[in-house]
Amino acid sequence: MKIYTKTGDTGETGLFGGGRVRKDSVRVDAYGEVDELNASLGLARSLSMPSDLDALLQRLQEQLFTVGAVLATPPGTKASGFIPPLKAEWIADMERAIDTFEGELSPMTHFILPAGVQAAAALHLARTVCRRAERRVVTALSEGEASKDAVAYLNRLSDLLFVMARVANRRAGVEDVKWIAEKPTT
């Protein structure tokens, strides 16, 4: 099978289950952002990630593939029966991971800058990509092209990525960089 089909050369793409839409449709934009998020997690995994964080990121990548597939498949089509649903337990698992990881961290007293070791910086970048994906899925939700479950999943995932970035720094012996606001001059 060839990787190029030329069917998208006119600015349209096919949805799983049939039908064609413009490549800038809210649905395509939403699952495209989720795809970028998945790639950013892959990049983070390549940067000396602690093994437990790496294993969690792999699981999250697999879940994100499902999120993308759900977004790419119009409900009610025959193909939608082949796509596994998003699971509430995924959010519960992320919440448990956040609670566990926070046990390793000192309480936050300041906003922190997205910095630190490469693994932490990559997780912070993935968090911002996740927030953008969440915004796109919210737009798709408002137009009936996405589910609340996808929004909740991405919202919790961004929280988890933030905590994981802090854990990556702590385990590497690097302190979070606190944002100290400059006092306004009068």
| Residues of segment 136-174 being without any contact (Cβ under 8 Å) to a residue 40 or more places away in the chain and out of contact with any Cys (no Cβ under 7 Å at 6 or more places or on another chain), which ones? | 138, 141, 142, 144, 148, 151, 155, 162, 173
| said: Only one of 136, 131, 127 is under 14 Å from residue 67 (Cβ atoms) and under 13 Å from the mean Cα position of the chain (by Cα). Can you tell me which? | reply: 136
| Failed item in (1) within 17 Å of the chain's Cα centre (by Cα); (2) within 18 Å of residue 162 (Cβ to Cβ); (3) at pLDDT below 95, with residue 27 passing the rest | (2)
| task | Taking the options 115, 140, 120, 146, name whichever one is in contact with a Lys or Arg (Cβ under 8 Å, 6 or more places away or on another chain), of a type outside the set (Lys, Arg) and part of a loop (DSSP other than H, G, I, E, B). | result | 146
| Looking only at residues in segment 78-101 that are closer than 10 Å to residue 17 by Cα and free of Cβ contacts under 8 Å to residues at least 60 places away in the same chain, which one is surrounded by the fewest Cβ atoms within 10 Å (Cβ to Cβ)? | 81
| task | Answer yes or no: is there a residue in segment 61-77 that is within 18 Å of residue 167 (Cα to Cα) and surrounded by 15 or more Cβ atoms within 10 Å (Cβ to Cβ). | result | no
| remark: Note on residue 7: of the conditions (1) surrounded by 14 or more Cβ atoms within 10 Å (Cβ to Cβ); (2) touching a strand residue (DSSP E or B) at 6+ places or on another chain (Cβ under 7 Å), unmet is (1)
| said: Which residue is farthest from residue 45 (Cα to Cα), if the candidates are limited to segment 158-186 and must be among the β-branched types (Val, Ile, Thr) and assigned to a loop (DSSP other than H, G, I, E, B)? | reply: 186
| note | If we ask which residues in segment 1-18 are at pLDDT 80 or above and within 19 Å of residue 73 (Cα to Cα), their number turns out to be 1
| note | Given the conditions (1) surrounded by fewer than 18 Cβ atoms within 10 Å (Cβ to Cβ); (2) in a loop (DSSP other than H, G, I, E, B), every one holds for residue 155 apart from (2)
| request: Taking residue 104 as meeting all but one of (1) exposed (fewer than 15 other Cβ atoms within 10 Å of the Cβ); (2) of a type outside the set (A, V, I, L, M, F, W, C); (3) not in a loop (DSSP other than H, G, I, E, B), write down the number of the exception. | output: (3)
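The values are calculated or read from the model by the stated rules, or taken from the named source; none is laboratory data. Just so it is clear, the structure is predicted and the values come from calculations on it, not from any experiment. Because the Cβ atoms are built from the backbone with ideal geometry, glycine has one as well, and the counts that use them run over all protein chains shown.
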